[in-house]
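Beneath this line is the structure, given in C-alpha coordinates, with notes to follow.
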Amino acid sequence: MELEILPYALTVCKLGTLDRTVLSKEFLFIGKTDEELSLVCRTEDVPSETLEREDGWRGLRVKGILDFSMVGVLSELTSILAEAGVGIFAVSTYNTDYILFKEKDYKRAISALGGSGHTIVLNRVTMRA
(Lines give C-alpha, C1' and ligand atoms only; values in the text may rest on other atoms or scores of the structure.)
Protein backbone atom coordinates (compact mmCIF):
# COMPACT_ATOMS: atom_id res chain seq x y z
CA MET A 1 0.00 0.00 0.00
CA GLU A 2 1.23 3.50 -0.77
CA LEU A 3 1.16 6.00 2.11
CA GLU A 4 1.77 9.73 1.68
CA ILE A 5 3.34 11.73 4.49
CA LEU A 6 1.46 14.98 5.08
CA PRO A 7 4.12 17.72 4.98
CA TYR A 8 2.80 19.81 7.87
CA ALA A 9 2.22 19.70 11.62
CA LEU A 10 -1.32 19.01 12.80
CA THR A 11 -3.35 19.90 15.88
CA VAL A 12 -6.41 18.23 17.39
CA CYS A 13 -8.79 20.76 18.98
CA LYS A 14 -11.97 20.89 20.99
CA LEU A 15 -14.23 23.83 20.10
CA GLY A 16 -17.29 25.46 21.62
CA THR A 17 -18.47 26.82 18.28
CA LEU A 18 -17.24 26.71 14.72
CA ASP A 19 -16.35 29.91 12.91
CA ARG A 20 -17.20 29.42 9.23
CA THR A 21 -13.85 30.94 8.19
CA VAL A 22 -12.28 27.63 9.27
CA LEU A 23 -14.01 25.98 6.31
CA SER A 24 -11.81 27.91 3.88
CA LYS A 25 -8.68 26.13 5.11
CA GLU A 26 -7.05 23.55 2.85
CA PHE A 27 -6.89 20.66 5.35
CA LEU A 28 -9.33 19.98 8.20
CA PHE A 29 -11.59 17.39 9.74
CA ILE A 30 -14.64 18.34 11.78
CA GLY A 31 -16.39 15.94 14.11
CA LYS A 32 -19.56 16.85 15.96
CA THR A 33 -21.53 14.70 18.38
CA ASP A 34 -24.03 15.40 21.15
CA GLU A 35 -21.01 15.67 23.49
CA GLU A 36 -18.42 17.72 21.62
CA LEU A 37 -17.18 19.56 18.56
CA SER A 38 -13.70 18.52 17.43
CA LEU A 39 -11.39 19.85 14.75
CA VAL A 40 -8.19 18.46 13.24
CA CYS A 41 -6.26 21.02 11.21
CA ARG A 42 -2.82 22.31 10.35
CA THR A 43 -1.24 23.77 13.46
CA GLU A 44 -0.87 27.12 11.70
CA ASP A 45 -4.66 27.20 11.13
CA VAL A 46 -5.87 26.54 14.70
CA PRO A 47 -8.70 28.94 15.57
CA SER A 48 -8.05 31.26 18.50
CA GLU A 49 -11.26 30.24 20.29
CA THR A 50 -10.33 26.61 21.01
CA LEU A 51 -11.37 25.17 24.37
CA GLU A 52 -8.56 22.60 24.34
CA ARG A 53 -5.83 21.68 21.88
CA GLU A 54 -3.19 19.02 21.43
CA ASP A 55 -0.31 20.05 19.18
CA GLY A 56 2.51 17.91 17.83
CA TRP A 57 0.72 15.55 15.45
CA ARG A 58 1.95 14.31 12.06
CA GLY A 59 -0.04 12.35 9.52
CA LEU A 60 -0.17 9.88 6.66
CA ARG A 61 -2.76 9.57 3.90
CA VAL A 62 -3.55 6.24 2.27
CA LYS A 63 -2.99 7.13 -1.40
CA GLY A 64 -5.75 6.49 -3.85
CA ILE A 65 -9.46 6.02 -3.48
CA LEU A 66 -10.51 3.17 -1.22
CA ASP A 67 -13.65 1.30 -2.21
CA PHE A 68 -16.12 0.87 0.65
CA SER A 69 -16.01 -2.90 0.15
CA MET A 70 -12.32 -3.00 1.15
CA VAL A 71 -11.92 -4.64 4.54
CA GLY A 72 -9.12 -4.22 7.07
CA VAL A 73 -7.16 -1.27 5.64
CA LEU A 74 -7.05 0.69 8.91
CA SER A 75 -6.79 -2.49 10.94
CA GLU A 76 -3.64 -3.58 9.12
CA LEU A 77 -1.94 -0.20 9.41
CA THR A 78 -2.90 0.42 13.02
CA SER A 79 -1.80 -3.11 14.00
CA ILE A 80 1.67 -2.43 12.58
CA LEU A 81 1.85 0.86 14.47
CA ALA A 82 0.55 -0.71 17.70
CA GLU A 83 3.25 -3.38 17.52
CA ALA A 84 5.81 -0.57 17.17
CA GLY A 85 4.35 1.19 20.22
CA VAL A 86 2.91 4.10 18.23
CA GLY A 87 -0.42 5.53 19.38
CA ILE A 88 -2.67 6.88 16.62
CA PHE A 89 -5.63 9.12 15.88
CA ALA A 90 -7.47 7.97 12.73
CA VAL A 91 -9.90 9.90 10.56
CA SER A 92 -11.54 9.00 7.27
CA THR A 93 -13.04 10.78 4.32
CA TYR A 94 -15.28 9.48 1.57
CA ASN A 95 -12.18 8.62 -0.50
CA THR A 96 -9.54 7.42 1.93
CA ASP A 97 -8.11 7.11 5.45
CA TYR A 98 -5.70 9.25 7.43
CA ILE A 99 -3.56 8.14 10.35
CA LEU A 100 -2.11 10.70 12.74
CA PHE A 101 0.63 10.03 15.27
CA LYS A 102 2.66 12.21 17.59
CA GLU A 103 5.77 13.93 16.21
CA LYS A 104 7.92 12.07 18.76
CA ASP A 105 6.84 8.79 17.12
CA TYR A 106 7.42 9.94 13.52
CA LYS A 107 10.59 7.96 12.76
CA ARG A 108 9.29 4.84 14.50
CA ALA A 109 5.98 4.99 12.62
CA ILE A 110 7.60 5.47 9.20
CA SER A 111 10.15 2.73 9.89
CA ALA A 112 7.49 0.25 11.03
CA LEU A 113 5.20 0.87 8.07
CA GLY A 114 8.04 0.88 5.52
CA GLY A 115 9.53 -2.23 7.11
CA SER A 116 6.19 -3.98 6.66
CA GLY A 117 6.32 -3.48 2.90
CA HIS A 118 4.33 -0.28 2.56
CA THR A 119 5.69 2.45 0.30
CA ILE A 120 6.07 5.82 1.99
CA VAL A 121 5.87 8.88 -0.28
CA LEU A 122 6.67 12.54 0.46
CA ASN A 123 6.58 15.27 -2.17
CA ARG A 124 6.86 12.76 -5.01
CA VAL A 125 10.00 11.22 -3.50
CA THR A 126 9.60 7.54 -2.62
CA MET A 127 11.26 6.34 0.56
CA ARG A 128 11.72 2.84 1.90
CA ALA A 129 12.39 2.57 5.63
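The values are calculated or read from the model by the stated rules, or taken from the named source; none is laboratory data. Please read all numbers here as calculations on a predicted model, not as lab measurements. With ideal geometry, Cβ positions are generated from the backbone for all residues, glycine too; neighbour counts draw on all protein chains shown. Accessible surface is based on the protein model in full, side chains and every heavy atom, while ligands, DNA and RNA are left aside. Shrake-Rupley method; radii C 1.70, N 1.55, O 1.52, S 1.80 Å.
Points to keep in mind about this one:
- Residue-level analysis places E83 outside the set of residues that are at pLDDT 90 or above, under 25 Å from L39 (Cα atoms) and open to solvent by 70 Å² or more (accessible area, probe 1.4 Å).
- Check on L39, touching a His at 6+ places or on another chain (Cβ under 7 Å) and in a strand (DSSP E or B): no
- In region 86-100, the residues that are over 20 Å from S38 (Cα atoms) and either modelled with pLDDT of 90 or more or in contact with a helix residue (DSSP H, G or I) (Cβ under 7 Å, 6 or more places away or on another chain) (or both): V86
- The test for being in contact with a helix residue (DSSP H, G or I) (Cβ under 7 Å, 6 or more places away or on another chain), within 25 Å of A109 (Cα to Cα) and not hydroxyl-bearing (S, T, Y) holds for A9.
- Any hit, region 101-109, residues being open to solvent by less than 30 Å² (accessible area, probe 1.4 Å), of a type outside the set (A, V, I, L, M), closer than 17 Å to V121 by Cα and in contact (Cβ under 8 Å) with a residue 60 or more places away in the chain: no
- Test for L18: is it of a type in the set (A, V, I, L, M, F, W, C) and either in a strand (DSSP E or B) or open to solvent by 80 Å² or more (accessible area, probe 1.4 Å) (or both): no
- Residue check, S48 more than 20 Å from A112 (Cα to Cα), small (G, A, S), surrounded by 13 or more Cβ atoms within 10 Å (Cβ to Cβ) and at pLDDT below 95: no
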